[in-house]
Amino acid sequence: MKQLFKIPLLDIIHRSVVYSLAGLTAWTAFSALMIHRETLQKGRGKSLLVWKLEERQKAEHLLKSTGSASPSS
């Protein structure tokens, strides 16, 4: 039973470093994607919120024009 709780110190340090680097990589990838999208939107002269609103309106218009919308809405 004592061996079950006996984890070497180097193993704990290694796991901490690996998990930290994995988290840092995921955070960096997410941040890079968000910055890239924002840069593209600024190049188009629109903010991200305005762009999303226009995309939603286009989708709603497409649904109405194809007759795919439900009659209750």
ask   = Out of TRP51, TRP27, which single residue is in a helix (DSSP H, G or I), touching a helix residue (DSSP H, G or I) at 6+ places or on another chain (Cβ under 8 Å) and either in contact (Cβ under 8 Å) with a residue 12 or more places away in the chain or hydrophobic (A, V, I, L, M, F, W, C) (or both)?
value = TRP51
ask   = Does region 33-56 contain at least one residue that is modelled with pLDDT of 90 or more, of a type in the set (Lys, Arg) and under 23 Å from the mean Cα position of the chain (by Cα)?
value = yes
message = So, VAL18, is that one modelled with pLDDT of 85 or more and over 18 Å from the mean Cα position of the chain (by Cα) or not?
response = yes
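The values are calculated or read from the model by the stated rules, or taken from the named source; none is laboratory data. On a predicted model such as this, the values are computed, not experimentally measured, just so you know. Every residue, glycine as well, gets a Cβ built from its backbone with ideal geometry; the counts of neighbours run over all protein chains shown.
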